[in-house]
Amino acid sequence: MNPVKMTVAQKHHLFFIGFFGFCVDCFVQGQKNNTLIFTKENTIRNCTCPDDIGDNDCDDSLANLICNCKTVLPNSIDKTYYNNLTIWFTDTTMLGILLNFTAVQNLKLSLCGSVPLSTEYLTIWGLRRLQIKRDHNGQLQQQSLTIFSSYDNNMQDKLKVQCKGRQIITYISVLYTSLFNSYSPLKSYSVENISNITDHFPSLPYSGNLSTNNKRYVITFIY
């Protein structure tokens, strides 16, 4: 297992995110526009796009034309909260720098490079929906996965009961980047009502940094 190394900035972000719990209809209101992040010749471009860039994945020329883009440093990437985030990436090391320990509701990942990729285990906070695009027979093929929905009545009932008890619900997704190495159905499984991540998943990267008091976790593994 080769998890992306945690920087000092990410550790401070973990401390902040420890207070960032999720209850029904209590999500932080984030950015309304779509955020696109991609790399170009060893530089990182952070773009705000008024509309979904659609089927034009990996077209950095178009992104620079229709979006408001700027070049940023890796340690300046905002990991606090995204409503809609799209990342075009070519390797998992850079994907880890951009995505690991980021809070995002709707995430789109497009592989713009070749396989095989090295396996990383990336932690994402509060993920609701994931869409990935990867090469299959020379074309980018799309797959989607819903982790949970705010309109899921069963989930709402569970969360309402626990929120009344003042227990904070935190959603954590662990993404296995090896899923990009072959074209197979996108899968996930979730473990609910976790109070101590270290006890349940001792080999999970940084599990000791994720556990705090008065919380309940829903851990989802995506592969």
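What follows is calculated from the coordinates using simple rules that are stated; it is not laboratory data. This is a predicted model, so every value here is computed, not measured.
Rg and Dmax, both from the Cα atoms of the stretch 42-101 and both in Å, are 11.5, 30. In the stretch 84-139, the alpha-carbon atoms span a convex hull of 77 Å³ per residue.
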